[in-house]
Amino acid sequence: MTDTYEVGPFRLDPTASLVTLSGVPVALGRRAADLLTVLVRSPQQWMTKSQLLEAAWPGLVVEEGNLAVQISSIRRALAQAPGGERWIETLVGRAYRFVGPVQTIERPEPARASLPLERNHSLPAEIDTFVGRATALEEISSAFIKGARVVSIVGTGGAGKTRLAQRFGWTRLSRFPGGSWFCDLSAARTVDGIAHAVARGLDVPLSGADPLTSLTRVISERGECLIILDNFEQVAPHAPETLFLLRASAAEAAFHPTDDDQPAILQIAQLLDCLPLAIELAAARVRILPPRSLLERMDHRFAIIPAARGRAQRHATLRATFDWSWDLLEPHEKTVLAQLSVFEGGFTIEAAEAVLDAPPSGTPTFAMDLVQALVEKSLVRRASERRFVLLETIKAYAAERLETDPQYGGPSAARAAEARHFRFFAGVDEALATADRGAEIDNLVAACRRAMEHGDAQSAAGALVRAWHVFVRIGPYRTALELAQSVQSMQGLNDSQRAIVDWVAGMALFVLGRGGEARPLFERGLAASRAAQDRHSESLLLRGLADELAIEGRIEEALARGAEALAIAEQLDDRALQCGALNRLGAALWRAGRLAEAKDSYTRALRIARVIGDRRMQGALMGNLGIVHHDLGELDEAHDLYEQSLQCALELGDRQGEAAERGNLADLGLERGSTDDACVQFEAAMAIGRFLGHARTECAGRNGLGDVFSAKGDWSAASEQYRVAAELARETGDRRIEGRILYRLALSLARLGKHVEARARFVAAEALLRAIGDPTSLVELYCRWAEAAMLLPDWLMSAEMIRRAENAARDIGSPRPGPFEEMLQQVRALHATQSSGDGSTELTPPAH
């Protein structure tokens, strides 16, 4: 018997190392699926780390951090079910157990060997560990995301092309609902040979006299799938003919080529210079004409193409193909295709309805019908369930028609279509602007620029704000700043428009770490919003100003501005504004070390975010609450919140949120001793921060790497990371973070014997943290200073620093953060032992 398991709403198939939800594969790798299998087979029982490591990495020696990474990925996957992220419990440092709902389903073996087991891939098992080549995998994935239908992997023999393709298939099983299928063409030499090799890879028998038609039907029934054609080089000459047959069958299920069609198909492919796009466009015409008739219609047009060579000939061939396809369209279809060229990065049916001009009477009036007609002719492609795209070559051709063809466009029609485009996107709400992981960003940027060209200040400002809601998630922030600065230069902005544009520009500068430049914009925008009596913008600008003041260490002013922002939001009864204001108030309170108040503010904001359904804010607030729990020494609660926040960020494509939570999880992992895993997470967060242009993320990553090296006792490497991090903190104007990094740097210098420089860094850190009134950080500063003094040894200095730490701890109030109390106790004990001459001189690096 072969058992499968129902895990809540999920189904786990151990044979295929596959987890599905409602029949759709879940993004979970083979090792993670194997780990989950071990856990669900023994529910409620603790499984030791060694047992789990052996199950997922049999016979291999791997770091325990890899186990933590896989468990985290399982929790993220299970979080798709309510409470699923809590179905795996942790016995810190020792074991895991599964406590969620699980039911064993006994599945009998097939009665006949001829009936294959249901599965969603035919990928060969990976016999060893796949190392590196992350960039190559991302390039392949990016090509498919951008609309590629065929991706070729080329290279010399032995370069690992086959292994790379197989690895891509394993890692993207959930990306292709129809499965990933490996087809070895090494023995194929003819078109029929190709068909039978592909059939073997798809694990299906071929029936009938026409194997290609049968194969096409099988593929179309499976839906979107990945087919890996290995050893393709020896059958490449047959590719164009094969492509025509596949695309023709997809366009017309009843298509069955006759003996007369076969030579016509080959001639069509040759006439089109074997260009895949041209072949696809021609093949789509079998709905109305058989291949031999298509060839007759093409002969005259393509006979006039100059006998050029190379790129010019290919361009001429493609241009002639477009002309031919255009001439076969109905008049209203030509109008629609021309107008669709104004979209950037694709469009939804709702957007098409808003932007397309009404077609002439007597023709289809629904955008869905019009778009579907173009999809069937391979001129528009479906990018996702809700989204459609034009290939860039077709888009450029259609745009030219819109601009130059008076019958279906012309300059005035082009400008009118652009105006409908930018007015639509300037008016969308935040939810629509940020849908599908920010898929509309290109349209929003284009709308903003077009509105500026048309002199429409209201639409330019509206599109800019919506673009910012996407930029803040996916970056890059520098592009957002440049766009905002362009709108700022427009003539005719009224006070309300200038206020919101200054807010976007100020926020872009703030996240870029240029807060000193942001504050004047927040203040100018605040004055403009009050002049316009624009209370909504006033609240946003007060929030931005509160953020910048908090970073500068002017906490009381920050709290006052935050309170004003919240009061306005409450007067407007705007719950989204209230949520944002409470979040920023919580951040200022946390910086002040007022953790109980910060927790309350974050909790209130999270409650509102859940009511209004704002997933991004829910994720951000769970992460912020996790930091508070972390500071309070409640590590399990912090871990759960960090994981939930990361899941939100990954779900929404929120790169800023992802970077923040990877950094938070790394901090927590480091505190629990997982140095290698923490290092990987810090590096990942820094890479995202660099792309976004988020200076504080890179600063936090550098500081974290310094902590990693400190934990390993590599004080030289640690001090170098701390130096860079301190400089970044200084550039961003974050005095609190700069002070915290400086005392870490000071201790690492003291451990290297550089006591004079160390003391200077401690003094600088103390001045910064006293100036901003941060008793929480001062406790750790004095504890680390006491440790450094013991290295000299200077027992009087050590005792003085312990006294200062105790005074700072009393200033924190209740509840006192657990880690700092433990730190004080540790330093007191160490001082007592060392000053009496007993024990070793080994000192513990910073815990957090």
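The values are calculated or read from the model by the stated rules, or taken from the named source; none is laboratory data. Owing to the predicted nature of the structure, the values given are computational and were not obtained by experimental measurement. Cβ sites come from the backbone with ideal geometry, for glycine too, and all protein chains shown count toward neighbours. These accessible areas exclude ligands, DNA and RNA; they are computed on the full protein's heavy atoms, side chains included. Shrake-Rupley method; radii C 1.70, N 1.55, O 1.52, S 1.80 Å.
Simple spin-label estimate for Arg690 and Asp192 gives 5.6 nm between the two label positions (7 Å along the Cα-to-Cβ direction from each Cα). Straight-line reach only, C-alpha to C-alpha below 20 angstrom: list the lysines that Lys754 could link to, leaving out same-chain residues fewer than 8 apart. Within the straight-line cut-off, Lys754 pairs with Lys712. So which aspartates and glutamates pass the test for Lys49, namely a Cα distance under 12 Å, with those fewer than 8 places away in the same chain ruled out? Partners found: Glu63, Glu64.
Each of Val428, Val470, Pro411 was scored by the projection of its Cα onto the charge dipole of segment 408-495, and the greatest displacement toward the positive side belongs to Pro411; charges sit on the C-beta of Lys, Arg, Asp and Glu. Determine which lysines satisfy two conditions relative to Lys395: a Cα distance under 19 Å, and not lying fewer than 8 residues away in the same chain. Within the straight-line cut-off, Lys395 pairs with Lys146, Lys334, Lys377.
Express in nm, to one decimal, how much length is gained between Arg386 and Glu350 on full extension, taking 0.36 nm for each residue of separation and deducting their alpha carbon distance. Mind showing how you got there, number by number?
Working: separation 36, 0.36 × 36 = 12.96 nm, distance 0.94 nm.
The span from Arg386 to Glu350 would gain 12.0 nm if fully extended.
Within the accessible area of segment 697-827, the carbon and sulfur atoms contribute 51%, probe 1.4 Å, all protein chains present.
Determine the gain in length on full extension of the stretch Asp495-Arg610; use 0.36 nm per residue of separation and subtract their C-alpha separation, reporting nm with one decimal.
Working: separation 115, 0.36 × 115 = 41.40 nm, distance 3.34 nm.
Taking Asp495 through Arg610 to full extension adds about 38.1 nm, to one decimal.
Here r is the Cβ-Cβ distance between Ala767 and Glu557 and R0 is 22 Å; the resulting FRET efficiency, rounded to 0.05, is 0.65. For the pair Gln45 and Leu266, label points projected 7 Å from Cα toward Cβ lie 6.5 nm apart. Placing dummy labels 7 Å off each Cα toward the beta-carbon, the span from Leu792 to Asn231 is 7.6 nm. With 0.36 nm allotted per residue and the present C-alpha distance subtracted, the Arg149-Arg575 stretch has 148.9 nm of extension available.
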